[in-house]
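Notes follow once the structure below has been shown.
Coordinate-derived values only; no laboratory data. These figures come from a predicted structure and were not determined experimentally. Cβ placement follows ideal geometry from the backbone for every residue including glycine, while neighbour counts extend to all protein chains displayed.
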Amino acid sequence: MSTRLSMVLAVLALAVVTACGGQTPAGTAATPAPTASGSAPAAAFPVKVEHLHGTTEIARRPERIVTIGLSDHEPVLALGFKPIGVVDWFQRTPFTDWPWTTGVWGGAEPTVLGLREDGVKMEKLLALKPDLIFAMYSGIQKEQYDQLSKIAPVVAQPKGYDPYAAPWQEMTLLAGRALGEEPKAERLIAGIKDRFAQARAANPQWKGLTAVAADSFKAGQYFAFQKGDPKSAFLAELGFTVPEGITKEAGKLNGVEFGSERMDLLEVDRLVWLTTGKQPWERIKNDSVYKQLKVAKESRDLFLTYQDPPIGAALSFNTVLSIPYAIDQVVPLLKK
């Protein structure tokens, strides 16, 4: 084992394992993909981008992009580049088999560098010889960033936000700057903003109503996502208000974990459950405390799965690629 590999492996157990507890569907790994592609002209480089851990210079148009953030591959794809290495959040088989990305990959299949719960396998990353690494939605720490930067330029999360709390707009813009495609990123953002505006205009009754996204990993254990988490942020952009109490209590975490005794946190106008499969639904509905909530009695709760159909995954990614699919799927269900 080389000295560089030994050094990197000694410090890197990347923080992708902490993004969203309990979301661990089953699946398998993927096969290698061809070199990344993209439309940015060489003249757009070099570029410098600022992020949480400093400033990164990308000297030339990247050809071998690796994304270690859980959703980083999607804005990169939307901007015309195909990552050759990714981290697998939901263990989808194959990795590219999401309805909002299948056509964009165009048959390419990236190397899966690790699963969400296990982190990045650095031997695989080094073998790909990346020339740019995106770590925006990864929770990467400064020490990890410094070590990865010995391999290739690294783009960490947008500055000014807690881990996993940067808005999709900022993630898209940061990726656009790094790839020499900022104007395209701005156009993509404008298009998504228009979609949200249309949804709000068509449903003015949602303005001022409270809503929260929640999960239940096991019996008697619940989790409410704060407004900075992509899932609750999606609901907010539809016009709902995410309770400040949940966000304040969550602090720098992406939500609040609690037992049945604190079910009052879920007493909102619209409650959206996101679960791994449908099995937890009856368990949640039959919780003696939950059954007493008005949101349950008045059927203002909505139950969705992360996969099959992958509506929950689309909300979790909450990217310029997944948002249109999420809007198309969720808005009709919320109107019922």
- Item | Whichever aspartates and glutamates have a C-alpha closer than 20 Å to that of K159, once near sequence neighbours (fewer than 8 apart) are set aside | E50, E57, D72, E74, E143, D146, E170, E181, E182, E186, D229
- Hey, can you grab everything whose amide H is under 5 Å from the amide H of R270? Only 5+ residues off in sequence or another chain; H modelled, so Pro and N-termini drop out. T210, A211, V212
- Which whole-number percent is the relative contact order of the stretch 226-329 (Cα, under 8 Å, 6+ apart)? 24 percent
- Task: Provide the convex hull volume over Cα atoms per residue for the chain, in Å³.
- Result: 125 Å³
- Item | Phi-based couplings in Hz for the stretch 329-336 (Karplus 6.51, -1.76, 1.60; Gly and Pro marked x) | 7, 7, 4, x, 6, 5, 7, 5
- Item | Relative contact order for the chain, counting Cα pairs under 8 Å that sit 6 or more residues apart, in percent | 17 percent
- Whole-number Å³ per residue for the convex hull built on Cα positions in the stretch 204-305: 90 Å³
- Message: Place a point 7 Å from the Cα of Y161 along the Cα-to-Cβ direction; which residues of the stretch 186-200 have their backbone N under 15 Å from it?
- Response: 186, 189-190, 193
- Query: Tell me, Kirkwood radius of the stretch 102-203 from alpha-carbon pair distances, in Å?
  - Reply: 15.8 Å
- Mind checking the angle between helix 168-178 and the chain's longest principal axis? C-alpha axes, 0 to 90 degrees, to the nearest 10. 0 degrees
- Item | Against the rule of thumb 2.2 N^0.38 Å, how large the Cα Rg of the stretch 231-272 comes out | 1.17
- Only Lys, Arg (+1) and Asp, Glu (-1) charged, at Cβ; the chain dipole about Cα centre in debye: 300 debye
- Query: Cross-link partners among lysines for K207, C-alpha distance below 18 Å, same-chain residues fewer than 8 apart left out?
  - Reply: K193, K227, K231, K335, K336
- So, in nm, how far is label K142 from label E186 when the simple model puts each one 7 Å beyond its Cα toward the Cβ? 3.3 nm
- Distance from the stretch 207-253 to the stretch 280-336 (C-alpha centre basis), Å: 12 Å
